[in-house]
Amino acid sequence: MHLLEPRANPSVIMRWASPALAVLLTLFVGSLLFIALKKDPLEAFRVFFIDPLNSAYGWSELLLKASPLILIAQGLAIGFKARIYNIGAEGQLIMGAIFGGGVALLFEGTGSSFALPAMVLAGALGGALWGALPALLKTRFNAEETLTTLMLAYVASFLLSWLVSGPWKDPGGMNFPQTVMFAATSQFSMLADGLRINTSIFITLAAVAAFYLFTKKSLLAYAITVGGEAPAAARYAGFSSKRTVWFALTLSGLTAGLAGIAEVAGPIGQLNLNISPGYGYAAIIVAWIGRLHPVGIVGAGLLMALLYLGGEQAQLALQLPAAITGLFQGMLLFFLLGCDAFIDYRLRRRKRRAVVATKPAVPVQEAA
């Protein structure tokens, strides 16, 4: 019988190498999957990872999809370091889009240059408030944030559906659940003609730089890390666990809200039911693949964006189902968690105790 035993000194090198190992294992199992589907694995991988980047448009789409993933993952990583697991960034993204989209509708027809800055601020506020709610539930009622953040994501989704199907519905939209298209002053400017990449990418670049400086120079970042790795030491040092919960969940909600407004004021240009293909959930994988490091998250976000593009390309070129993207994302997370488990633990055989047969005692006969 085998047991998992904690390693005394987990390998730092293997911890950083495990994402690459997880990618290799994903590719290996993916090749077996393509063979089972009667597809040439080499051709399938070419469609997945090379064809999407054959043009300037493909590279712009890669950056467009990577930007919200990187932005959300930066905020999530701060909480994960403190063992505070925000699983509902998708809901916070939606709430950021709702708050910012509501401001866009208020400015409709005004042509005001203040519309877009107000939308960005409103989107950040909406996401932060949606992240602060599970922080309140955790610090006040000790509710698990993994459950509350996830459940609130469904609430945000239903709220969006009600708004675009009711009060905010476009009267000229042929009964589709969507708002009117935002004005040009309520949208981010395109960086190049014929490409969808827009100026919202500068928000992500600024966030990466800010989070890098925060993790390297801030005492609060150090307190958060200590609180996650050694809670007793953090309490002894006087670091407030409640403040950490509030900060981590609010900050991760804020970055998700910014990602939401970047989507609706960028490539989408309106509120509808398809403002995110699951960026809030995929960003969880991005944060872990990037080892919770701001620079590592950039590389992981580009990889995840390539999976999105490759999945779309595979649907057209190989006639594969849309679920292929989620399947590869799931395999990547599964292998990453498996590699991490064997970095921190090792299998140890537990010896079975020998059962010694004993002869039952014979009762002594009483003398007659």
* Could you tell me which numbered condition residue 285 fails, if it satisfies all but one of (1) assigned to a helix (DSSP H, G or I); (2) closer than 22 Å to residue 155 by Cβ? => (2)
* Within region 197-221, tally of residues that are farther than 18 Å from residue 287 by Cα, of a type outside the set (A, V, I, L, M) and modelled with pLDDT under 95 -> 2
* Structure fact -> Reported set for region 79-135 where residues are part of a loop (DSSP other than H, G, I, E, B), small (Gly, Ala, Ser) and open to solvent by less than 10 Å² (accessible area, probe 1.4 Å) is 88
* Structure fact -> Scanning region 266-279 for residues that are out of contact with any helix residue (DSSP H, G or I) (no Cβ under 6 Å at 6 or more places or on another chain) and small (Gly, Ala, Ser), the one nearest to residue 252 (Cα to Cα) turns out to be 278
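For the condition in contact with a Ser or Thr (Cβ under 7 Å, 6 or more places away or on another chain), more than 30 Å from residue 222 (Cβ to Cβ) and open to solvent by 20 Å² or more (accessible area, probe 1.4 Å), what is the one hit in 273, 306?
273
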* To do: Return the residue satisfying two criteria in turn: it lies in region 171-204 and is open to solvent by 40 Å² or more (accessible area, probe 1.4 Å) and of a type in the set (Phe, Trp, Tyr), and of such residues it is nearest to the chain's Cα centre (by Cα).
  => 202
* **Among the candidates 71, 63, residue that is farther than 30 Å from residue 155 by Cβ, under 17 Å from the mean Cα position of the chain (by Cα), of a type in the set (A, V, I, L, M, F, W, C) and modelled with pLDDT of 95 or more** => 63
* To do: Restricting attention to region 227-248, report how many residues are modelled with pLDDT of 80 or more and open to solvent by less than 40 Å² (accessible area, probe 1.4 Å).
  => 3
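Of the residues 273, 309, 302, only one is touching a strand residue (DSSP E or B) at 6+ places or on another chain (Cβ under 8 Å), at pLDDT 90 or above and farther than 19 Å from residue 25 by Cβ; which? Lay out the reasoning, then the answer.
On the way: 309 fails: touching a strand residue (DSSP E or B) at 6+ places or on another chain (Cβ under 8 Å); 302 fails: touching a strand residue (DSSP E or B) at 6+ places or on another chain (Cβ under 8 Å).
Just a single option satisfies the conditions, and that option is 273.
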* To do: Among the residues of region 314-334, write down those that are touching a residue at least 60 places away in the same chain (Cβ under 8 Å) and buried (at least 21 other Cβ atoms within 10 Å of the Cβ).
  => 314, 320, 328, 332
* Of the residues that make up region 36-57, is at least one open to solvent by less than 50 Å² (accessible area, probe 1.4 Å), in contact with a Cys (Cβ under 9 Å, 6 or more places away or on another chain) and assigned to a helix (DSSP H, G or I)? -> no
* Extreme residue, nearest to residue 90 (Cα to Cα), among residues of region 156-165 that are open to solvent by 40 Å² or more (accessible area, probe 1.4 Å) and out of contact with any Pro (no Cβ under 9 Å at 6 or more places or on another chain) -> 157
* Hits in region 280-298 - residues which are closer than 10 Å to residue 74 by Cα and open to solvent by less than 10 Å² (accessible area, probe 1.4 Å) -> 283, 286, 287, 290, 294, 297
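Being free of Cβ contacts under 8 Å to residues at least 12 places away in the same chain and either of a type outside the set (A, V, I, L, M) or surrounded by 16 or more Cβ atoms within 10 Å (Cβ to Cβ) (or both) is the filter; apply it to region 15-35 and report the residue that is nearest to residue 345 (Cα to Cα). It would help to see each step written out before you state the result.
Step one: of region 15-35, the residues free of Cβ contacts under 8 Å to residues at least 12 places away in the same chain are 17, 20, 24, 28, 32, 34-35.
Of the ones still in play, those that are also either of a type outside the set (A, V, I, L, M) or surrounded by 16 or more Cβ atoms within 10 Å (Cβ to Cβ) (or both) are 28, 34.
Details: 28: 24, 34: 32 Å.
That would be 28.
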* Those residues of region 205-226 which are of a type outside the set (A, V, I, L, M, F, W, C) and either more than 18 Å from residue 80 (Cα to Cα) or open to solvent by 60 Å² or more (accessible area, probe 1.4 Å) (or both), in sequence order -> 212, 216, 217, 222
* In region 138-155, how many are open to solvent by 40 Å² or more (accessible area, probe 1.4 Å), aliphatic (A, V, I, L, M) and in contact with an Asp or Glu (Cβ under 8 Å, 6 or more places away or on another chain)? -> 0
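The values are calculated or read from the model by the stated rules, or taken from the named source; none is laboratory data. Remember, it's a predicted structure, so these values are computed and weren't measured experimentally. We place every Cβ from the backbone using ideal geometry, glycine too, and count neighbours over all the protein chains shown. In case anyone asks, the SASA skips ligands and DNA or RNA and just uses the protein heavy atoms, side chains included. Shrake-Rupley method; radii C 1.70, N 1.55, O 1.52, S 1.80 Å.
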